[in-house]
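Visitor: Could you have a look at this structure, given as C-alpha cells, before my questions?
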Amino acid sequence: MKAVYGGGPCSPALLPSLILRRRATSAIACSSSYGNLGHISFIKDVAATQPPEHLSYLLKMLQVRGDTVMSPGARKGLIPLVIPLSKNPSGIITALLRWPTAPQGMEMPVVEVRKHGVWLLAKNVDQYIHRLLVEEDARNSNEKRAELFDASSDAGEKLYKKGDFAESQIANLDVYLLKKVGLFPDVLERKVKQHLENRDHVSALITGEFYTKKDHFPGFARPFVFNAEVLLKFEVADLAQWEDEQLEYIKEKVSEEGRQEDLKRGKAPEQVSLDEAAFLLDLASVEGMWTDYLDRIAECYKEAGLEDISRFILYSD
C-alpha cells in the first residue's frame with residue numbers, strides 16, 4: 001500500500017505503487033550492533049521516537065510464524081522510512097514505518113516492504129497482534145495457536161480472548177476483522193472484488209468509496225488508486241495514461257522550476273522541502289531505486305527542520 005510521506009494525509013503525491021506466556025521479555029535473536037532487543041534501542045536512538053509498547057511481543061510472534069528477526073539497521077536498498085522487523089521464508093519483510101510527520105493514530109504502522117513502496121498491514125503494533133491472534137484462532141490449529149498465544153503474552157491477553165471468533169458466530173473471518181479488530185486495506189479490497197465477481201456493482205462502488213475516506217488510512221494513497229482502478233472498470237479512461245500524467249507531474253514538482261514556483265506562490269520553504277521529499281520518495285518508488293535518492297531526500301528533511309528524520313534516513317548497518 002503506497003504511503004504518502006511528506007506531511008500525512010495532505011501530502012500531494014498520489015502515484016500508485018504501483019513468545020511461552022510470561023511477563024519477563026526474553027532475548028530476541030537479532031543480528032545487530034544494538035544486540036538483543038535492538039529494535040527498541042534503535043527506535044529510541046536512531047529513529048528518535050518512542051517504540052511501540054508491545055513491540056517485543058510482536059517480534060516473538062513473528063518468529064513463531066516462521067520469520068527471522070532482522071537487524072533494524074539492515075535497510076540498504078529499502079524505502080528509507082522503514083525499520084525492518086523480520087523476513088519470512090519467501091523473503092518478504094515486515095517492518096515499522098517511521099513517518100516524518102505522523103498522522104494521528106498511525107504513529108508507527110506495521111507494513112510489508114515492497115520494491116516500489118510499502119503495503120499497510122495494520123495501523124499500529126497492537127492492531128497487528130490482534131489480527132494475527134484472530135486469524136490463528138480461526139485456523140483452529142491447536143499446537144500453532146497455543147504457541148502464538150503464548151508468544152503474545154500480556155499483550156495478547158489485553159487484545160483478544162482465545163475462542164472469541166467462534167463464540168461470535170460470525171461465519172466470515174473478514175467480517176469479524178472489520179467489526180472487531182479494525183479496517184485493513186487487503187480486507188476492504190477483497191470485499192470490493194467479491195462484489196464485482198457477484199456483479200453487485202453498486203456495493204463495489206460504495207465499498208470502494210468508503211475505502212477512500214480520509215480518516216481511515218491517512219497518509220496512504222493506495223485507497224485512492226484502488227478506487228480509481230475500480231471506477232475505470234466502468235469507464236473507457238486509460239489507467240496507464242493517468243499514471244503517466246501523475247509521473248510527469250511529480251517530475252515537474254521536484255525540478256528547480258517547480259520549487260521556485262511554489263515559493264513564489266507563498267508556500268513556506270519548509271513545506272516546499274517536505275513536499276519535495278514526498279515527491280522524491282514517490283519517484284524512487286516508481287523506479288524501485290531508493291538509494292539513488294537518499295541524499296537529496298535527507299537534505300530536504302534537514303531543510304524542513306527535521307534533522308532527526310534526516311539522520312534516520314541515511315542510517316544503515
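Visitor: Restricting attention to the stretch 188-217, report how many residues are of a type outside the set (Phe, Trp, Tyr), surrounded by 19 or more Cβ atoms within 10 Å (Cβ to Cβ) and within 16 Å of Leu120 (Cα to Cα).
Guide: Qualifying residue count, the stretch 188-217: 2.
Visitor: Looking only at the stretch 46-81, filter to residues that are among the β-branched types (Val, Ile, Thr) and over 24 Å from Leu133 (Cβ atoms); which one of those is surrounded by the most Cβ atoms within 10 Å (Cβ to Cβ)? It would help to see each step written out before you state the result.
Guide: Applying the first criterion (among the β-branched types (Val, Ile, Thr)) to the stretch 46-81 yields 46, 49, 64, 68-69, 79.
Of the ones still in play, those that are also over 24 Å from Leu133 (Cβ atoms) are 46, 49, 79.
Numbers: Val46: 17, Thr49: 18, Ile79: 23.
Residue satisfying both the conditions and the ranking: Ile79.
Visitor: Oh, and also: Mind counting the residues in the stretch 89-130 that are of a type in the set (S, T, N, Q) and at pLDDT 95 or above?
Guide: Final tally of qualifying residues: 3.
Visitor: Also, quick follow-up: Give just the number: which of (1) farther than 18 Å from Leu281 by Cα; (2) among the polar types (S, T, N, Q); (3) surrounded by fewer than 19 Cβ atoms within 10 Å (Cβ to Cβ) does Thr101 not satisfy?
Guide: Here Thr101 meets the rest and fails (1).
Visitor: Turning to a different aspect of this structure: Looking only at the stretch 151-166, decide whether some residue is more than 22 Å from the chain's Cα centre (by Cα), more than 13 Å from Arg65 (Cα to Cα) and of a type in the set (Phe, Trp, Tyr).
Guide: Looking for residues that are more than 22 Å from the chain's Cα centre (by Cα), more than 13 Å from Arg65 (Cα to Cα) and of a type in the set (Phe, Trp, Tyr), one finds at least one in the stretch 151-166, hence yes.
Visitor: Residues that are at pLDDT below 90: which helices (runs of 4 or more DSSP H) entirely in the stretch 178-283 hold 2 or more of them?
Guide: 201-211, 222-232, 239-253, 256-264
Visitor: Quick check on the stretch 256-304: of everything there that is of a type in the set (Ser, Thr, Tyr) and within 20 Å of Gly77 (Cβ to Cβ), which residue is surrounded by the fewest Cβ atoms within 10 Å (Cβ to Cβ)?
Guide: Thr291
Visitor: Given the criteria of a type in the set (D, E, K, R) and under 17 Å from Phe217 (Cβ atoms), does Arg199 qualify?
Guide: Details: of a type in the set (D, E, K, R): yes; under 17 Å from Phe217 (Cβ atoms): no.
Judged against the criteria, Arg199 is not a match.
The values are calculated or read from the model by the stated rules, or taken from the named source; none is laboratory data. On a predicted model such as this, the values are computed, not experimentally measured, just so you know. For neighbour counting, all protein chains shown are included, and Cβ atoms are generated from backbone atoms with ideal geometry for every residue, glycine included.
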